[in-house]
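Comments concern the structure below.
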Amino acid sequence: MIASAAGPVHAQPDADARAQAGAAFKRAVAAEGRRDWPTALAEYETAYQLSPHPDVLYNIASVHERTGALRAAATYYQRYLDGSPSAADRAKVVGKLAELRARPATLTITTRPAGAAVLLDGKPAGAAPLAVRVDGGAHQLVAEAAGARASRAITIEFGEPQAVDLTVAAGRGTLVVASNAPGATVTIDGRPVGTTPWSGAVEAGHHVVVIAAPGYTTTERAIEVPADGSAQIQGALGRPVGWVEPTPPTRTSVRAVFDSGTYLEHGFVVGIAAGYRTATQRLEATTGMVFGSPGFGWAFRGRAFLLTGPVRPYVVAGVNYGFAGGSSALAGGGVLIATGRAGAVSMELFAESGYGAGSDADGGFRFVPIIAGVSFGRSQP
C-alpha cells in the first residue's frame, strides 16, 4: 500500500510544512522504487514529522517488513492502527501483526557439558550443540545428561533468532538473595520462597529471581547456580518516580496495667507491671524504680514486649502522689520516649491514676499495688 501524505490528523501544519512533507513523501516513494530502503525510511520519517498522518506510518512499517526488521514493522503497524481506528483495512493489518509475531526463527542450543540430549516441547530434537527452525510462540526446552536435566521456557517472536545455553548439572547449590529493602519478597522461577535476606538450596542450573517490596520497583535477575557451589544476588530496589514516604498513623492508645511494687521508707519504690496496649495489641511488662520523697516521685523504667515483639527500651518521667500511709491515692503523668523500628524515636504523653493499699512490714517495707494506667499517643512507639 502506497499512501498519500495529505490529510493530517494531528496538529494542522502550515502550508509550507505540508508542501515539504509532500516533497519528502514523493522522494520516499521514488527510493522504494529503486529499493533504496534507508533513504525511503528517512524520507517517510521526514514527511511524518512535517505532516503527521497514520498512512505514512503504514508505509514505514511496510519498508521495515521488506528489510526483515519485523519487530520494528509491527511497532509501526500498531501505531497505524492506533491512529486509524476506523481504517478499512484494519482486520487485514491485525492479521499481519499476528503473522509477523508468529514468523519462525533459528534456535541455537548449546549445553554444558556438550552432547546433552535436547527435547523441544517434549519431543527429541537431537544432541547439543544444534540449531533448529522453530515456529513463533512459547516453547519449552529440556536438556538431559548423566541423569541430570535443565529446562528453560523461551518465546520466539518476529523471526528473531535466539541462542540458548543450558547448564546440565546434577545436584544442588546454594542461592543467597539480599536487597537494600529488608523483608522484600523473593520469587524463584515463579515460586515465592521467602523474604530478604534469604538463603537456601536450589537445583543447580539456570533460575530467574524476582525481588519485590511495597513502595519499591521490582527487580528481576537471571542467575546460574553451580552444583555444590553458591551464587549470590544483591537486589537494588529503587523508589518509583513521585513516591512519597507514608506518614505513620497517630492513634490513641489505651494501656491498661496492673502495677505492684515495694515501698522503701526512704523514698524509693521498686515495682513491676504487666498490661495490655490496645493500639499495638501487645502484652507489656514494665520494671523500674520510683524515687523521691513520699508524695512526689519520678521514674526511669524499661519495657519489654512479651511474646509478640522485640524489646524496645523507653524512658518515663512522671509525678506520683500518695505513697505515705497504709492506703494511698496515686496519680502520675509525664512523657514517654521510645525507640522504634530502624532507630526511629517517638513520644507520647501519658497519665495514670489508681489506688494503692498495703501494710507495713518489718524493716519498714510496704506493699503498694497500683491498679490502672492510661496512655494517649502514637500507636507504635
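In whole angstrom, the stretch 65-156 maps to an equivalent ellipsoid with semi-axes of 38, 12, 9, each derived as √(5λ) from the alpha carbon gyration tensor and ordered largest first. The calculated P(r) of the stretch 43-101, using every Cα pair and 5 Å bins from 0, goes 4, 21, 32, 25, 14, 4, 0 in percent. Applying 1/(1 + (r/R0)^6) with r as the Cβ-Cβ distance of Ala117 and Ala19 and R0 = 56 angstrom yields a FRET efficiency of 0.30.
Looking at the stretch 19-96, which trypsin sites (Lys or Arg not before Pro) are in a loop (DSSP not H, G, I, E or B) and have at most 11 other Cβ atoms within 10 Å?
Here the trypsin sites (Lys or Arg not before Pro) that fit, given the DSSP loop and packing criteria, are Arg34, Arg35.
Taken about its Cα centre, the stretch 53-116 carries a charge dipole of roughly 240 debye when the Cβ of each Lys and Arg holds +1 and the Cβ of each Asp and Glu holds -1. Taking amide H positions as modeled 1.01 Å from N, with prolines and chain starts lacking one, the residues under 5 Å from Gly159 and 5 or more places away or on another chain are Arg103.
Legend: calculated FRET efficiency, Gln49 to Arg103, from the Cβ-Cβ distance at R0 = 35 Å, rounded to 0.05, equals 0.75. Computed over protein heavy atoms with a 1.4 Å probe, the carbon and sulfur contribution to the accessible area of the stretch 99-178 reaches 55%. Relative contact order of the stretch 75-208: 21 percent, from C-alpha pairs under 8 Å at least 6 residues apart in sequence. Taken over the Cα atoms of the stretch 113-187, the convex hull encloses 143 Å³ per residue.
With a Förster radius of 45 Å applied to the beta-carbon distance between Ser86 and Arg191, the computed FRET efficiency rounds to 0.45.
The values are calculated or read from the model by the stated rules, or taken from the named source; none is laboratory data. For clarity, every value in this text was computed on a predicted model and none was experimentally measured. Neighbour counts are summed over all protein chains in view; Cβ atoms, including those assigned to glycine, are modelled from backbone coordinates with ideal geometry. The protein model used for the area step is the full one, side chains on, heavy atoms only, and it has no ligands, DNA or RNA in it. Shrake-Rupley method; radii C 1.70, N 1.55, O 1.52, S 1.80 Å.
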